[in-house]
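What follows is one structure encoded as structure tokens, with my remarks underneath.
The values are calculated or read from the model by the stated rules, or taken from the named source; none is laboratory data. None of these values were measured; they are calculated from a predicted model. Cβ placement follows ideal geometry from the backbone for every residue including glycine, while neighbour counts extend to all protein chains displayed. To get the accessible areas, we keep the full protein, side chains included, count just its heavy atoms, and leave off ligands, DNA and RNA. Shrake-Rupley method; radii C 1.70, N 1.55, O 1.52, S 1.80 Å.
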Amino acid sequence: MNIVQTPLPGVVVLEPQVFGDARGFFVETFRESWLRDAGIDQPFVQDNQSRSRQGVLRGLHYQLHNPQGKLVRAARGRVYDVAVDIRAGSPTFGQWFGIELDDVSHRMLYIPPKFAHGFVVLSAEADFAYKCTQYYDAPSDNGIAWNDPELAIRWPLAGITPLVSGKDGLLPSLKYQAPERLPQFTP
């Protein structure tokens, strides 16, 4: 496992070794010791998977209470995945990191608790799988507008308008979030 640090502290790219031959491939997608080596020491309590078609954009989501760390990957297809530091008082507040995840490299991204997360599907269809460090908590579900002009995320949309849920289409920009609706930075 190759561990790559990103410009956002705590956001880590994990690049597993893929064994392929004429039959297909084998890849180990999770090992607790890899996460420890990457400085991630939280247990995972929930696994999720979604299937979406090309142009679907999900996010940017976070939980205010019981914040979730996420280990994400494209189990099938190709996505562009984004993590945003929304911790009030953080030196990297409002900065984002994006990376392409696919079913060829099997690269994964760890997004720490208190970060917003989203992705857009680049292939005809994609299965997106992720492990969470906390259970889903509907009352603390929150989000930031995917197209927030101040975040200026460079989504690789190739001129198409993404398909977002009604809920995601109504999310406010980061600057319009009430301070009590954002997680706080703790050094």
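Structure above, values below:
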{"item": "Cβ crowding within 10 Å averaged over residues, with 14-25, 142-153, 102-113, 164-175 ranked highest first", "result": "102-113, 142-153, 164-175, 14-25"}
{"item": "Listed residues V104, C132, V56: farthest to the positive end of the dipole of the range 28-187 (Cβ charges)", "result": "V56"}
{"item": "In the range 15-122, the GluC sites (Glu not before Pro) that fall in loop regions by DSSP, at most 16 other Cβ within 10 Å", "result": "E28"}
{"item": "Residue order for Y130, Y80, Y135, Y62 - accessible surface, 1.4 angstrom probe, largest first", "result": "Y135, Y130, Y80, Y62"}
{"item": "Paired Rg and Dmax values of the range 1-103, which use every Cα atom, in angstrom", "result": "15.1, 51"}
{"item": "Whole-Å semi-axes of the ellipsoid equivalent to the range 98-187 (Cα gyration tensor, √5λ, descending)", "result": "23, 19, 13"}
{"item": "Ellipticity estimate at 222 nm from DSSP helix runs (n ≥ 4, -39,500 (n - 2.57)) divided over the chain, nearest 500", "result": "-1000 deg cm²/dmol"}
{"item": "Mean Cα-pair separation over length for the chain, i.e. relative contact order, pairs under 8 Å, 6 or more apart, %", "result": "29 percent"}
{"item": "Full-stretch length increase - Q184, F30 - with 0.36 nm per residue and alpha-carbon distance subtracted", "result": "52.5 nm"}
{"item": "³J(HN,Hα) computed for each position of the range 11-25 - Karplus, 6.51 cos²θ - 1.76 cosθ + 1.60, integer Hz, glycine/proline x", "result": "7, 10, 9, 10, 10, x, 7, 10, 9, x, 8, 4, 7, x, 8"}
{"item": "Per residue convex hull volume, Cα atoms of the range 21-70, in Å³", "result": "165 Å³"}
{"item": "Accessible-area value, D47, 1.4 Å probe, nucleic acids and ligands omitted, Å²", "result": "100 Å²"}
{"item": "J(HN,Hα) series, the range 140-147, from Karplus relation 6.51 cos²θ - 1.76 cosθ + 1.60, nearest Hz, glycine and proline x", "result": "9, 5, 9, x, 10, 4, 4, 10"}
{"item": "Of all accessible heavy-atom area on the range 61-187, the percent that carbon and sulfur account for (1.4 Å)", "result": "55 percent"}
{"item": "S105 versus R154: modelled label distance in nm, points set 7 Å from Cα along the beta carbon direction", "result": "1.5 nm"}
{"item": "Estimated vicinal HN-Hα couplings, Hz - the range 173-187 in sequence order (Karplus 6.51, -1.76, 1.60; Gly, Pro = x)", "result": "5, 4, 5, 9, 6, 5, x, 6, 9, 10, x, 9, 6, 10, x"}
{"item": "Radius ratio Rg over Rh of the chain, counting only Cα atoms, Kirkwood formula for Rh", "result": "0.95"}
{"item": "Highest-fluctuation residue, T133, T29, T161 considered, GNM on the chain with Cα pairs under 10 Å", "result": "T161"}
